[in-house]
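Q: Before we start, here is the structure in question, set down as structure tokens.
The values are calculated or read from the model by the stated rules, or taken from the named source; none is laboratory data. What you are looking at is a predicted structure, and each value in this text was computed from that prediction instead of being measured. Note that we place each Cβ from the backbone using ideal geometry, even for glycine, and neighbour counts take in every protein chain shown. In case anyone asks, the SASA skips ligands and DNA or RNA and just uses the protein heavy atoms, side chains included. Shrake-Rupley method; radii C 1.70, N 1.55, O 1.52, S 1.80 Å.
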Amino acid sequence: MREIVLINITGSDRPGLLAAVTGALAEDGVSILDVAQSLLHGALSLAVVACADDGARLALLRERIQGVAGVQAQFTSLSEKDYLAWAAAGTDNRFVVTLMSRHITASQVQSVTDIADRHGLVVEAIDRLSVRPGLSAPAPEGKACLEFTVRGEPADINLLRRDFLAAAMLLDADIAIQEDTLYRRHRRLAVFDMDSTLIQAEVIDELAKAHGVGHLVSEITERAMRGELDFRASFKERMALLQGLDISVLDAIGASLRLTEGAEVLFAELKRLGYKTAILSGGFTYFAKQVQAKLGIDYVFANELQVVDGKCTGVAVEPIVDAQRKADLLVELAEKEGLTLEQTIAVGDGANDLPMLAKAGLGVAFRAKPLVKQSARHNITTLGLDGVLYLLGVRDSQA
């Protein structure tokens, strides 16, 4: 009579141990229905679902495995009904939950698993994508990431995202959930906002400071980024305040701009992986070209500064790269590269980035304003831009 058994094997790893255990399985000619192994700090954990044609063969297998030095084995019989129900569950939807922080705490892991459980998701595996931490205090710019593979069908995916976002804000972490599809690891186009995303400044505010109207322009910029003002109208209003600006200040401002943490690592890895990259910015081409040169970006779309006799005219040159234009450019670039939107990534921080974040296969709000964080599907607040690599499943050891 056919018998099915779950075998849990644990022990301290040593050379030849796994071969000895699997050799015991092979010697008795049992069928392996499933197998999973993990190794953590020298501790081996091996789980095997095996099927034998008769109980005598299974009893002999038990003796052989228990005879392997240095391991403990637990055998649990499974009915055919239980096995078939478990096998059918293997076709459930799978998701990947990414937990990112400067350092991982037990409270963060507990929160992820508790929320997953409350939404009917089963955690199947947990894997570390970041390098193993040292024992000293976490560095201010350290980074850590765990990837949870979960299965099930949440009743309300938007509510699940909101629960993860609320927990992340309390725990100084970022928690993202994605469907575990083929596209997740095979996107090929990444587009980025520039100001406060790729660089640590809003360039139009810096121009305004140089022109003596910084307080007026900064207040308008902040309200526009929060979504309180229409970007297009606010851009024209801010440009008008720059009338008469001497363009001799552009070089100094450009030299003072600093790339955001993780930008260089992210773009080097995207290039290695074969991505096309683009800046889609409501800022200015003059500065976007400088960022392009530093990071090796393929495409740049930004606004032009109209200049006459060395002075800014204060006129907004059409077409203005506003929220809709960014979304349209994402679609156009995807078509140009022969890609679907599922194969695209968009990253930005302001309300004018939301349409392109919504269209992209992976839309990421980066250190974003509250409205944007609540509206975007994914957020990175605690880490630098290279945190995007964790959302793609890239390990630090691979980057």
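Q: Which of GLY120, GLY29, GLY338 moves most in a GNM of the chain, Cα contacts under 10 Å?
A: GLY29
Q: Now for a different question. Which order, highest average first, do 377-386, 311-320 follow once you tally other Cβ atoms within 10 Å for each residue and take the mean per peptide?
A: Numbers: 377-386: 21.7, 311-320: 15.0.
Sorting 377-386, 311-320 by mean packing, highest first, produces 377-386, 311-320.
Q: Further question: How much FRET efficiency would the formula 1/(1 + (r/R0)^6) give for THR76 and ARG395, where r is the Cβ-Cβ distance and R0 is 30 Å, rounded to 0.05?
A: 0.35
Q: Which pairs in the list LYS311/LYS369; LYS289/LYS373; LYS209/LYS373; LYS289/LYS359; LYS209/LYS236 are over 22 Å apart, alpha-carbon to alpha-carbon?
A: Details: LYS311/LYS369 33 Å; LYS289/LYS373 28 Å; LYS209/LYS373 28 Å; LYS289/LYS359 25 Å; LYS209/LYS236 17 Å.
Check vs 22 Å cut-off fails for LYS311/LYS369; LYS289/LYS373; LYS209/LYS373; LYS289/LYS359.
Q: Can you give the relative contact order of region 3-89 as a percent, counting alpha carbon pairs under 8 Å and 6+ residues apart? Numbers along the way, then the final one.
A: Details: 128 pairs, mean separation 39.4, N = 87.
Once divided by the residue count of region 3-89, the mean separation gives 45 percent.
Q: I'm checking a number: the convex hull volume of the Cα atoms of region 3-89, normalised per residue, in Å³. What is it? Show your work: numbers first, answer last.
A: Working: hull volume 7.1 nm³, N = 87.
Each residue corresponds to 81 Å³ of Cα convex hull volume.
Q: Cβ neighbours within 10 Å, averaged per peptide: list 63-71, 35-43, 197-205 in order, most packed at the top. Write down the numbers at each step before the final one.
A: Numbers: 63-71: 14.6, 35-43: 10.7, 197-205: 21.9.
Peptide ranking by packing, descending: 197-205, 63-71, 35-43.
Q: Using the scaling law 2.2 N^0.38 Å as the reference, what is the normalised Cα Rg of region 92-180?
A: Details: Rg = 13.0 Å, N = 89, 2.2 N^0.38 = 12.1 Å.
Normalised by 2.2 N^0.38 Å, the Cα Rg of region 92-180 equals 1.08.
Q: State, as an integer percentage, the relative contact order of the chain based on alpha-carbon contacts under 8 Å between residues 6 or more apart. Could the numbers behind the result be given before it?
A: Working: 734 pairs, mean separation 61.4, N = 399.
Contact order relative to length: 15 percent.
Q: Follow-up. Determine how large the accessible area of TYR286 is when every protein chain is in place; take a 1.4 Å probe and give Å² rounded to the nearest 10.
A: 90
Q: How far, in degrees from 0 to 90, does helix 17-27 lean away from the longest principal axis of the Cα atoms of the chain, to the nearest 10?
A: 50
Q: Compute the FRET efficiency between ALA155 and ARG223 as 1/(1 + (r/R0)^6), taking r as their Cβ-Cβ distance and R0 = 35 Å, and round to the nearest 0.05.
A: Values: r = 37 Å, r/R0 = 1.05.
Here the calculated transfer efficiency is 0.40.
Q: Sticking with this structure for a sec: What does the charge dipole of the chain about its Cα centre add up to, to the nearest 20 debye, if the Cβ of each Lys and Arg holds +1 and the Cβ of each Asp and Glu holds -1?
A: Charge dipole, the chain, about its Cα centre: 360 debye, nearest 20.
Q: For GLU27, GLU80, write out the residues from largest to smallest accessible area, computed with a 1.4 angstrom probe and no ligands counted. Walk me through the intermediate numbers first.
A: Values: GLU27 120, GLU80 85 Å².
The ordering from most to least exposed comes out as GLU27, GLU80.
Q: Another question, if that's okay. Quick one: which of 225-233, 366-374 comes out on top by average Cβ neighbours within 10 Å, and what's the full order, highest first?
A: On the way: 225-233: 17.4, 366-374: 19.4.
Going by the mean number of other Cβ atoms within 10 Å, highest first, we get 366-374, 225-233.
Q: Determine how large the accessible area of VAL49 is when every protein chain is in place; take a 1.4 Å probe and give Å² rounded to the nearest 10.
A: 10
Q: Mind checking the full-extension length gain between GLN374 and ALA47? Use 0.36 nm per residue of separation minus the Cα-Cα distance, one decimal, nm. Write out the running numbers ahead of the final one.
A: On the way: separation 327, 0.36 × 327 = 117.72 nm, distance 4.05 nm.
Gain in length upon complete extension: 113.7 nm.
Q: Another one. Can you tell me the Rg and the Dmax, both Å, for the Cα atoms in the chain?
A: Using the Cα atoms of the chain, the pair Rg, Dmax is 26.8, 95 Å.
Q: Pulled fully out, how much extra length does the chain show between ILE253 and ALA36, if you take 0.36 nm times their separation in residues and subtract their Cα-Cα distance? The partial results should precede the final answer.
A: On the way: separation 217, 0.36 × 217 = 78.12 nm, distance 5.56 nm.
Extra length from ILE253 to ALA36 when fully extended: 72.6 nm.
Q: With springs connecting C-alpha atoms under 10 Å apart, model the chain as a Gaussian network and identify which of LEU33, LEU273, LEU259 has the largest mean-square fluctuation.
A: LEU33
Q: Looking at the chain as a GNM with Cα springs under 10 Å, which of GLY387, GLY361, GLY11 has the largest mean-square fluctuation?
A: Answer for the Gaussian network model of the chain: GLY11.
Q: Which value in nm describes the separation of the simple spin-label points at THR340 and ARG118, placed 7 Å from the Cα toward the beta carbon?
A: About 3.4 nm, to one decimal.
Q: What is the antiparallel percent of DSSP beta bridges lying wholly in the chain, to the nearest 5?
A: 70
Q: So, for region 267-390, what is the accessible surface per residue at a probe of 1.4 Å, expressed in square angstrom? Walk me through the numbers on the way to the answer.
A: Working: 4560 Å² over 124 residues.
Using a 1.4 Å probe on heavy atoms only, each residue of region 267-390 averages 37 Å².
Q: Tabulate in residue order the Karplus-calculated ³J(HN,Hα) for region 336-344, using 6.51 cos²θ - 1.76 cosθ + 1.60 with θ = phi - 60°, rounded to whole Hz; enter x for Gly and Pro.
A: So the J values, rounded to whole Hz, are 4, 8, x, 10, 8, 5, 4, 8, 10.
Q: Return one number: the angle in degrees, 0 to 90 and rounded to the nearest 10, between the long axis of the Cα atoms of helix 106-118 and the longest principal axis of the Cα atoms of the chain.
A: Approximately 80 degrees, to the nearest ten.
Q: Sticking with this one: At 7 Å along Cα-to-Cβ for each site, give me the label-to-label distance between LEU84 and ALA26 in nm.
A: Spacing of the two 7 Å Cα→Cβ label points: 3.3 nm.
Q: What's the center-to-center distance, using Cα atoms, between region 42-121 and region 141-195 in Å?
A: Each part reduced to its Cα centre gives a spacing of 24 Å.
Q: If you take every residue apart from ASP205 with its C-beta less than 10 Å away from the C-beta of ASP205, what net charge results, scoring Lys and Arg +1 and Asp and Glu -1? Please report the intermediate quantities before stating the final value.
A: Working: positive: LYS209, ARG238; negative: ASP195, GLU202, GLU206, GLU219, GLU222.
Charge balance in the 10 Å sphere: -3.
Q: If you roll a 1.4 angstrom probe over the protein chains with everything in place, what fraction of the accessible area of region 1-82 belongs to carbon and sulfur, to the nearest %?
A: On the way: 2520 of 4780 Å².
Of all accessible area on region 1-82, carbon and sulfur atoms account for 53 percent.
Q: Keeping all protein chains in place and using 1.4 angstrom, which order do SER77, SER375, SER111 fall into by accessible surface area, from largest down? Don't skip to the end; give the middle numbers.
A: Details: SER77 90, SER375 65, SER111 20 Å².
So, going from the largest accessible area down, we get SER77, SER375, SER111.
Q: Could you let me know the centre-to-centre spacing of region 231-270 and region 378-399, using Cα atoms, in angstrom?
A: 25
Q: If you line up the long axis of helix 214-225 against the longest principal axis of the chain, both from Cα atoms, how many degrees apart are they, to the nearest 10?
A: Around 40 degrees separate the two axes.
Q: Per residue of the chain, what 222 nm ellipticity follows from adding -39500 (n - 2.57) for every DSSP H run with n ≥ 4, rounded to the nearest 500?
A: Per the formula, -11000 deg cm²/dmol.
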